[in-house]
Every structure is written in C-alpha cells, then in structure tokens.
Amino acid sequence: MSGEISRDEVAHVASLARLSITDDELTTFTDQLCVVLETAAQLNALDLDDVEPMAQPYPLANVLRVDEIVPSLDRDEVLAQAPAAEDGRFRVPPALGEAP
C-alpha cells in the first residue's frame, strides 16, 4: 500500500462526497491524505502474527460506586414543587410532537 494519492483522486473523492474545495484546500488535503496513507502502510508492514487482537489497549476497571440505599428527598415533597405531576411522576410536555 503506497502513501501516495494524486490531486485528481482527492478531487474525485471530494466530488463524490459533494464537497466544494478550493485549489489550496485540494493541495492541503492531498498532503494530509498522503501522510495518513503512509502511516497506514507503516502499520500494515508490522509483524503482528504473535499479537492478540484487542478492542482496548489498557485494562478497564469498573468505576461505578457500590449501590447503597441512603437518605434522600421525600418524593411527595419534591413532586409538590413540580410544575406538573401525575401518578407519582413528573409530568413533562410531549416529546417530538407526540399526542399527550
């Protein structure tokens, strides 16, 4: 895989994506894409036969706290201060034009 891409190829891709780009942008994007493709070529050249596939390079740990019951606000008191409440819940306007 070569890291080279022509200005014509970049212009063609921009056209397919329906992007209008100037000559200066075409030069900039061509240079940037060459760097990206060269980097991809270098990665493809690595010998990774003994490397296990992974989705995350660092081990993950659960960062959630323990779920403990603690004192909280009184539900009826909170709902009494709400602009609208119904059946023990906050009443909010319908979303996305749905009928109430």
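Bear in mind that the values in this text are calculations on the coordinates, not laboratory data. Worth saying up front: this structure is predicted, and the values here are computed from it rather than measured. Positions of Cβ are backbone-derived with ideal geometry, glycine not excepted, and every protein chain shown enters the neighbour counts.
When the Gaussian network model of the chain links Cα atoms closer than 10 Å, the mean-square fluctuations of 43, 26, 79 top out at 79. Residues whose amide H falls under 5 Å from that of residue 21, counting only those 5 or more places apart or on a different chain, are absent, with hydrogens built in the peptide plane. Distances between placed amide hydrogens fall under 5 Å for residue 85 paired with 91, all partners being 5 or more residues away or on another chain. Label the chain by shape, choosing from rounded, prolate and oblate, from the square roots a ≥ b ≥ c of the eigenvalues of the Cα gyration tensor; if a/c is under 1.5 it is rounded, and otherwise prolate applies when a/b is larger than b/c, oblate when it is not. Verdict is oblate for the chain.
The residue among 27, 73, 60 whose Cα reaches farthest toward the positive pole of the charge dipole of the chain, with charges on the beta-carbon of Lys, Arg, Asp and Glu, is 73. Using the Cβ of residue 88 as centre and a radius below 11 Å, the other residues enclosed give a net charge of 0, where K and R count +1 and D and E count -1.
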